[in-house]
């Protein structure tokens, strides 16, 4: 009963790791606008990763600078005495 089973191993092709899989549109776009500077999909992936890191650092800089700048007085009031009232109701 088990002896009649045959496998076609030579014709098997994995869909997940195929080499001729279509590139994403973002990779195609990056390679197109690079003017030939980015030649492979791997280089385009590194470029996109670098761009993502740059945007992350810019976001973190803006985020932390926004909260660190609260103690500065408004522009034009640097030399004046400003009283802050903390009233509780």
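Looking only at residues of the range 13-36 that are surrounded by 10 or more Cβ atoms within 10 Å (Cβ to Cβ) and assigned to a loop (DSSP other than H, G, I, E, B), we find that the one that is modelled with the lowest pLDDT is 21.
Restricting the range 37-49 to residues that are exposed (fewer than 11 other Cβ atoms within 10 Å of the Cβ) and assigned to a helix (DSSP H, G or I) leaves a set whose member that is modelled with the highest pLDDT is 49. Report whether or not residue 55 is within 18 Å of the chain's Cα centre (by Cα) and at pLDDT 90 or above. Against the criterion (within 18 Å of the chain's Cα centre (by Cα) and at pLDDT 90 or above), residue 55 qualifies. Do we find that residue 78 is outside any helix (DSSP H, G or I) and modelled with pLDDT under 65 in this structure? It is true that residue 78 is outside any helix (DSSP H, G or I) and modelled with pLDDT under 65.
The values are calculated or read from the model by the stated rules, or taken from the named source; none is laboratory data. No experiment lies behind these values; they were computed from the predicted model shown. Don't worry about glycine lacking a Cβ; one is built from the backbone with ideal geometry, like all the others, and counts go over all protein chains shown.
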